[in-house]
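These notes concern the structure reproduced below.
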Ligand SMILES: Cc1cc2nc3c(=O)[nH]c(=O)nc-3n(C[C@H](O)[C@H](O)[C@H](O)COP(=O)(O)OP(=O)(O)OC[C@H]3O[C@@H](n4cnc5c(N)ncnc54)[C@H](O)[C@@H]3O)c2cc1C
């Protein structure tokens, strides 16, 4: 039997961030990360908008988390770059575009709310926001449809989820984290966490971070627990453009977005399919919807060259906020999931928090994120959802 000081299950952005933090906090200890590279993983499918501000107000806990995540990136990026790794992160700015008069009229209200958040949390990851007219928006982004103006957030970054995941994994393994490939199950005697079983082989460990995204309940259910997380399929289209790249991220009031990476890769979408279950295969309906919406937002995409469609399962929370923390009646089991559509933004921050909790510390995680809301007094799963699916 293998024995580890810490085990992380799940090798997406959250899991690898946790593993890196664990090994950096205490070099030399045995940290094992287990991942089964299943299809439908969210991190390699994610579009890559890393913004602390969302057009729809998600509440103060999310704001705290997302602005905090900008500082987590600020600490993480130099560590990866100094090690010679490319984290796939670039500040490109973001335009929230108004496609009609009505949307243009609501921009000042959005700017006012954003300025309030910046006054509270600082401008890292946003810069100095301003409303620009349609002509300025057109010069900033040549593929766009004529607009009625836009809210410009000049310091918003985009991140390539695959590049970041690879950089995190490379750095963590260079420092000694052991990567195991296989499907993990939790082992417990009911009151104590004993370890994980990976394809039949046991790894003894009393402190485990569960960063298994949309599949977290499959590990918890045998223990009578749950995470409040369900899979939401998201599809995005990738294409290539000859336009000067990179370009600012374009987001819209219809939740359609367009990213253009430095290598000319265009990313457009997404779909948000709450009733997908665990079926991650892309659909013709999804493709059609994305192409129509993207073309309306940016007719210039018509000349882009087709690359691929990516599809992944977002770990969505039934009550709209992440599930983050230790399960009180099963000490040592730390859940870190439920980041929904914000996981590429918040993943490094949440992963670092998970590592600190696994080390017995208490980072400032909002009380609303507690996994106890899904676990009854006796430690059994709460069967009814506290609120309908949200976020
Ligand atoms: C189309 C799309 C667009 C998105 N765009 C953005 C965006 O622009 N900005 C943003 O911030 N976020 C975005 N997201 C959300 C973001 O991608 C996710 O929130 C984030 O990647 C979740 O990371 P994770 O580590 O929690 O989960 P995942 O990346 O899904 O990782 C979970 C891992 O656990 C492993 N696993 C599960 N069960 C087991 C088991 N039993 N044993 C071993 N391994 C197991 C899986 O193989 C997987 O590797 C997008 C998502 C999608 C799908």
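The values are calculated or read from the model by the stated rules, or taken from the named source; none is laboratory data. Since we're looking at a predicted model, the values are computed, not measured. Neighbour counts are summed over all protein chains in view; Cβ atoms, including those assigned to glycine, are modelled from backbone coordinates with ideal geometry.
The single residue among 44, 78, 52 that is in a helix (DSSP H, G or I) and within 11 Å of the ligand (Cβ to nearest atom) turns out to be 44. Summed over region 328-349, the residues that are more than 6 Å from the ligand (Cβ to nearest atom) and surrounded by fewer than 23 Cβ atoms within 10 Å (Cβ to Cβ) give a count of 5. So which residues in region 57-83 are more than 17 Å from the chain's Cα centre (by Cα), over 19 Å from residue 323 (Cβ atoms) and surrounded by fewer than 19 Cβ atoms within 10 Å (Cβ to Cβ)? Hits for region 57-83 are 57, 75, 78, 79, 81, 82, 83.
Considering region 307-319, and only residues there that are more than 13 Å from the ligand (Cβ to nearest atom) and under 22 Å from residue 40 (Cβ atoms), the residue that is surrounded by the fewest Cβ atoms within 10 Å (Cβ to Cβ) turns out to be 307.
Answer yes or no as to whether residue 254 is surrounded by fewer than 24 Cβ atoms within 10 Å (Cβ to Cβ), away from the ligand (no atom under 14 Å from the Cβ), within 21 Å of the chain's Cα centre (by Cα) and within 30 Å of residue 300 (Cβ to Cβ).
Numbers: surrounded by fewer than 24 Cβ atoms within 10 Å (Cβ to Cβ): yes; away from the ligand (no atom under 14 Å from the Cβ): yes; within 21 Å of the chain's Cα centre (by Cα): yes; within 30 Å of residue 300 (Cβ to Cβ): yes.
It is true that residue 254 is surrounded by fewer than 24 Cβ atoms within 10 Å (Cβ to Cβ), away from the ligand (no atom under 14 Å from the Cβ), within 21 Å of the chain's Cα centre (by Cα) and within 30 Å of residue 300 (Cβ to Cβ).
Just one residue in the set 263, 319, 242 is free of Cβ contacts under 8 Å to residues at least 24 places away in the same chain, part of a loop (DSSP other than H, G, I, E, B) and out of contact with any helix residue (DSSP H, G or I) (no Cβ under 7 Å at 6 or more places or on another chain); that residue is 263. If you go through region 1-19 and keep only what is away from the ligand (no atom under 13 Å from the Cβ) and crowded, with 24+ Cβ neighbours inside 10 Å, you end up with just 6.
Looking only at residues in region 273-293 that are in a loop (DSSP other than H, G, I, E, B) and surrounded by fewer than 17 Cβ atoms within 10 Å (Cβ to Cβ), which one is nearest to the ligand (Cβ to nearest atom)?
Applying the first criterion (in a loop (DSSP other than H, G, I, E, B)) to region 273-293 yields 274-283.
Now narrow it down to the ones that are surrounded by fewer than 17 Cβ atoms within 10 Å (Cβ to Cβ): 274-275, 277-279, 281, 283.
On the way: 274: 13, 275: 15, 277: 14, 278: 11, 279: 13, 281: 13, 283: 13 Å.
The selected residue is 278.
Consider residue 234 carefully, then state whether it is crowded, with 17+ Cβ neighbours inside 10 Å, on the phi > 0 side of the Ramachandran plot and either within 13 Å of the ligand (Cβ to nearest atom) or in a strand (DSSP E or B) (or both). Before you say what the answer is, go through the steps one by one.
On the way: crowded, with 17+ Cβ neighbours inside 10 Å: yes; on the phi > 0 side of the Ramachandran plot: no; either within 13 Å of the ligand (Cβ to nearest atom) or in a strand (DSSP E or B) (or both): yes.
Spelling it out, it is not the case that residue 234 is crowded, with 17+ Cβ neighbours inside 10 Å, on the phi > 0 side of the Ramachandran plot and either within 13 Å of the ligand (Cβ to nearest atom) or in a strand (DSSP E or B) (or both).
What's the total number of residues in region 211-231 that are touching a helix residue (DSSP H, G or I) at 6+ places or on another chain (Cβ under 6 Å) and in a strand (DSSP E or B)? Residues that pass the stated criteria total 2. Checking each residue in region 348-391 for being at pLDDT 70 or above, within 30 Å of residue 167 (Cβ to Cβ) and part of a loop (DSSP other than H, G, I, E, B) picks out 359, 360, 361, 362, 363, 364, 365, 366.
Being away from the ligand (no atom under 13 Å from the Cβ), closer than 30 Å to residue 99 by Cβ and over 16 Å from the mean Cα position of the chain (by Cα) narrows it down to one residue among 375, 365, 301; which is it?
Values: 375 fails: closer than 30 Å to residue 99 by Cβ; 365 fails: closer than 30 Å to residue 99 by Cβ.
Answer to the check: 301.
For region 198-214, what are the residues that are surrounded by fewer than 22 Cβ atoms within 10 Å (Cβ to Cβ), near the ligand (Cβ under 10 Å from one of its atoms) and either in contact (Cβ under 8 Å) with a residue 40 or more places away in the chain or on the phi < 0 side of the Ramachandran plot (or both)? Selection gives 198 alone.
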